[in-house]
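For reference, the structure is listed below as structure tokens.
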Amino acid sequence: QVQLVESGGGLVQAGDSLRLSCAASGRTFSADAMGWFRQAPGKEREFVAAISVGGRNANYADSVKGRFTISRDDAKNTVYLQMNSLKPEDTAVYYCASDSNAIFYRTPAGPDEYDYWGQGTQVTVSS
């Protein structure tokens, strides 16, 4: 079965760092753009970061630019989100997703462009 499984979330203090991982199975994702989204309680799902096929390009939401870094290791079929200088407003469930239709340079920010999704991992940042 096709799966994306996030891990690495947890409870941290403001200013701390976390690295989220998304391990894919059931198919390879080397030809897909990969993205991270998050959803806080009572709020809509929002774009966080995306990386193109081969890691050629990356795109970030303004709210995380300079603090978060997305990367991928296609040999491991895994995408990462390094989160530094975490803030309470970063608290959310974080989801990884893949876009199998992405052309090689694109970094989609729209959730409707992605066709595989993980189950999410909780990140909680205390004030």
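Can you say what percent of the DSSP beta bridges in the chain, counting only those with both residues inside, are antiparallel? Round to 5. Could you put the intermediate results ahead of the total?
Values: 37 of 41 bridges.
The answer is about 90 percent antiparallel.
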Check: Per residue Cα convex hull volume for the chain, in cubic angstrom?
Finding: 92 Å³
Margin query: Given the options Ser100, Asn77, Gly15, identify the residue whose Cα lies farthest towards the positive end of the charge dipole of the chain (+1 on Cβ of Lys, Arg; -1 on Cβ of Asp, Glu).
Written below: Gly15
Next item on the list: Would you mind telling me the share, in percent, of accessible area of the range 1-122 contributed by carbon and sulfur at probe 1.4 angstrom?
Entry: 45 percent
Next item on the list: Determine the per residue accessible area of the chain with all protein chains present and a 1.4 angstrom probe, expressed in square angstrom.
Entry: 50 Å²
Notebook entry, point to check: If you add up the charges near Val2, with Lys and Arg at +1 and Asp and Glu at -1, over every other residue whose beta carbon is less than 12 angstrom from its beta carbon, what do you get?
Noted result: -1
Item checked: For Pro108, net neighbour charge (Lys/Arg +1, Asp/Glu -1) across residues whose Cβ lies under 12 Å away -> -4
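The values are calculated or read from the model by the stated rules, or taken from the named source; none is laboratory data. Because the structure is a prediction, the values reported are computed rather than measured. Every residue, glycine among them, receives a Cβ derived from its backbone with ideal geometry; neighbour counts consider all protein chains shown. The area values use the complete protein model at the heavy-atom level, side chains included, leaving out ligands, DNA and RNA. Shrake-Rupley method; radii C 1.70, N 1.55, O 1.52, S 1.80 Å.
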